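The values are calculated or read from the model by the stated rules, or taken from the named source; none is laboratory data. Fair warning: this is a prediction, and the values are worked out from it, not measured in the lab. All Cβ positions, even for glycine, are placed from backbone atoms using ideal geometry, and neighbour counts span all protein chains on display.
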């Protein structure tokens, strides 16, 4: 597993072509695109570089002790529902803190957007109190790059009845159906809905030098020790390093993007593993730090020339934060499903993807058949309301229901509300002395109505599947997320967006920004595919600009 | 570990037969399986059971308490059999030290309540399981009980490296089979679909 990687090594004083901040879904892809195009690249990653032997099945450490995620003990955040409230210390933006980023531990759902997602505001009209607007690109602009993700990253699947046009088939067939998927198929058929194999960035067969999924069951928030999960860590970073032009530099926490007198980025300042400040010089900077850390970094990079933060003449850096909604229906069945085996989900229903004005609110989504509860999580809250929470009845229910439980997860839209935001906390600092993120977030009423609608459909599916017992996941205002979207949105108008349609900052010619922050709308709850496609598109275009001397 | 050995034997046979995919598969999967196999075998090396944060008497009360929160029923193991008390003790000695007073006060309270009962012979551990349940019902809304419930769960179901879930007892109780790899069919409802292929 420990291949020799002929990685480049640069000194911070070396002027490299590109410094990339973040090594996740977007950073890894852009590093690969730029280094294979002949450019020198340093990828700065705040987290450690871990090898497969560090990838364990430790639910407690992973979910409850931030083993591989940002830790509020050293990187505190504050949260408030609105600017009228006092922001209190609380983790609101959750991400993978390691080489590979959140992409290393993602569940591997890879839904494409549909043509509709890109111009929904034109179709349905503006929504008061939001920044709901069209993307500056279309599905056709992004389609070749979705296909690149399919083939270069590695996606298993088969087209469904509502899928948008694709220029190439999936490179791998779907993963074997689980019991939850069979139940979803049955329920959908009964209800006149359409259940289709879930597209997953997980190898269903040996592909591109990586083995097929071994069905160990630890995908959600875990890293794959088999490298069967198609992450940018498993697929892109090795290619980037093999060029001999790309260095992945772990334990490097970027504090500022530095800008010269001419208003151009000159590199990035970062804390190394010993907390010493270093500056990596670069001809151009690409920020892929995620939808939470990217705006924080830009705001922390304020100078007298850019007093509101770098690339923020529009004032929208950090605004329009979108979390997506994720609720659904829990269900228990007569026989064991053993959902703890294999990937999270194998079937999805996308009949409710489009916004339907007849429902009276904006939004849509998808429903997947999954489990999602490892043993501790299940014991803490996996039994129906009214169940005993301790004692003999509790122990019996745990033992009988663990293998018989599943979840119909409903994934929905979030509207881009300008007051939902990442800003700098005026007093709280992290362990490096940098201003902490202050998150302001209140679901738009339509988001919660849509979530309730999708949950009711999940309940119908659970019941149609023949569940002995089904109960809804309580809907409550969201105060944290792993989906961090919209905070440096792309657009054609420099007054209302942060980056242009090629992910170049409107205000700084040699600064590019690409990650969940670029998204103009939220997706139907599965944004990673689009983040990756945007990264391929941005990477290709940045390389072209650089070759033509247009950076 | 038979599964692991079978898989290796299969892969070696495939390599011998000249299957190119298996050659690449073998190197990666075998290494990963070796690691995954180590993980699934973990738990045999049980951590020290000597109390670190709690006295022996306090640990006995915690053990009695967690064994009523997740008791052994229908012949299945519970929190006592999983050694959840060792998780509690180690956590209180390390990352959960801030809850030590909550625990020592809560333990003393359980003993006080036990001794206040008619015909009491001693502290909480001397009560019958039914009597212990009565006492726990009196305190089930307290922060101490809620902390102990959380820790009973973690101590029963977290990796054995944290001190509990001895020999994966807790996972066996759930019917959660921890193997480095599985093959379809996975459960009752997908048996037909996966047999049809």
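Results, tabulated for the structure shown:
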read-out: Verdict on residue A:252 being touching a strand residue (DSSP E or B) at 6+ places or on another chain (Cβ under 6 Å) and either within 29 Å of residue A:64 (Cβ to Cβ) or surrounded by fewer than 24 Cβ atoms within 10 Å (Cβ to Cβ) (or both); value: yes
read-out: Looking only at region A:327-339, and only at residues there that are surrounded by fewer than 24 Cβ atoms within 10 Å (Cβ to Cβ) and over 20 Å from the mean Cα position of the chain (by Cα), the one that is nearest to the other protein chains (Cβ to nearest Cβ); value: A:335
read-out: Only listed residue being more than 7 Å from every other protein chain (Cβ to nearest Cβ) and over 32 Å from the mean Cα position of the chain (by Cα), chosen from A:387, A:410; value: A:387
read-out: Residues (more than 20 Å from residue A:376 (Cβ to Cβ) and in contact with a strand residue (DSSP E or B) (Cβ under 9 Å, 6 or more places away or on another chain)) located in region A:49-65; value: A:49
read-out: Residue within region B:108-125 that is at the interface with another protein chain (Cβ under 10 Å from one of its Cβ atoms) and out of contact with any helix residue (DSSP H, G or I) (no Cβ under 8 Å at 6 or more places or on another chain) present; value: no
read-out: Region A:390-406: number of residues that are in a strand (DSSP E or B) and either surrounded by fewer than 24 Cβ atoms within 10 Å (Cβ to Cβ) or in contact with a helix residue (DSSP H, G or I) (Cβ under 6 Å, 6 or more places away or on another chain) (or both); value: 1
read-out: Some residue of region A:533-551 being surrounded by fewer than 24 Cβ atoms within 10 Å (Cβ to Cβ), touching a residue at least 24 places away in the same chain (Cβ under 8 Å) and in a loop (DSSP other than H, G, I, E, B); value: yes
read-out: Condition met for residue A:80 (more than 14 Å from every other protein chain (Cβ to nearest Cβ) and surrounded by fewer than 18 Cβ atoms within 10 Å (Cβ to Cβ)); value: no
read-out: Filter result (more than 14 Å from residue B:90 (Cβ to Cβ), at the interface with chain A (Cβ under 8 Å from one of its Cβ atoms) and part of a helix (DSSP H, G or I)) within region B:157-179; value: B:157, B:170, B:171, B:173, B:174
read-out: Matching residues in region B:180-197 - criterion: being at the interface with chain A (Cβ under 7 Å from one of its Cβ atoms) and in a loop (DSSP other than H, G, I, E, B); value: B:180, B:181, B:182, B:183, B:184, B:186, B:187, B:188, B:189, B:190
read-out: Residue match in region A:340-351 (condition: at the interface with another protein chain (Cβ under 10 Å from one of its Cβ atoms), part of a helix (DSSP H, G or I) and either surrounded by 21 or more Cβ atoms within 10 Å (Cβ to Cβ) or free of Cβ contacts under 8 Å to residues at least 40 places away in the same chain (or both)); value: no
read-out: Total residues in region A:229-254, condition farther than 18 Å from residue A:101 by Cβ and touching a helix residue (DSSP H, G or I) at 6+ places or on another chain (Cβ under 8 Å); value: 2
read-out: Residues that are more than 14 Å from residue B:171 (Cα to Cα), at the interface with chain A (Cβ under 10 Å from one of its Cβ atoms) and at pLDDT below 95, drawn from region B:35-73; value: B:35, B:36, B:38
read-out: Subset tally (residues that are touching a helix residue (DSSP H, G or I) at 6+ places or on another chain (Cβ under 9 Å) and free of Cβ contacts under 8 Å to residues at least 60 places away in the same chain) for region A:124-143; value: 4
read-out: Matching residues in region A:268-315 - criterion: being part of a strand (DSSP E or B) and closer than 17 Å to residue A:251 by Cα; value: A:268, A:269, A:270, A:271, A:277, A:278, A:279, A:280, A:287
read-out: Residue satisfying all of: in region A:16-59; assigned to a loop (DSSP other than H, G, I, E, B) and surrounded by fewer than 20 Cβ atoms within 10 Å (Cβ to Cβ); nearest to the other protein chains (Cβ to nearest Cβ) among these; value: A:57
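Residue by residue, here is whether (1) under 30 Å from residue A:185 (Cβ atoms); (2) touching a residue at least 24 places away in the same chain (Cβ under 8 Å); (3) outside any loop (DSSP other than H, G, I, E, B); (4) touching a helix residue (DSSP H, G or I) at 6+ places or on another chain (Cβ under 9 Å) holds:
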position: A:373; (1), (2), (3), (4): yes, yes, no, yes
position: A:388; (1), (2), (3), (4): no, no, no, yes
position: A:415; (1), (2), (3), (4): no, yes, no, yes
position: A:431; (1), (2), (3), (4): no, yes, no, no
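Residue-by-condition table, conditions (1) buried (at least 24 other Cβ atoms within 10 Å of the Cβ); (2) more than 30 Å from residue A:174 (Cα to Cα); (3) in contact with a helix residue (DSSP H, G or I) (Cβ under 9 Å, 6 or more places away or on another chain):
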| site | (1), (2), (3) |
| --- | --- |
| A:256 | no, yes, yes |
| A:295 | yes, yes, yes |
| A:305 | no, yes, no |
| A:311 | yes, yes, yes |
| A:319 | yes, yes, yes |
| A:358 | no, yes, no |
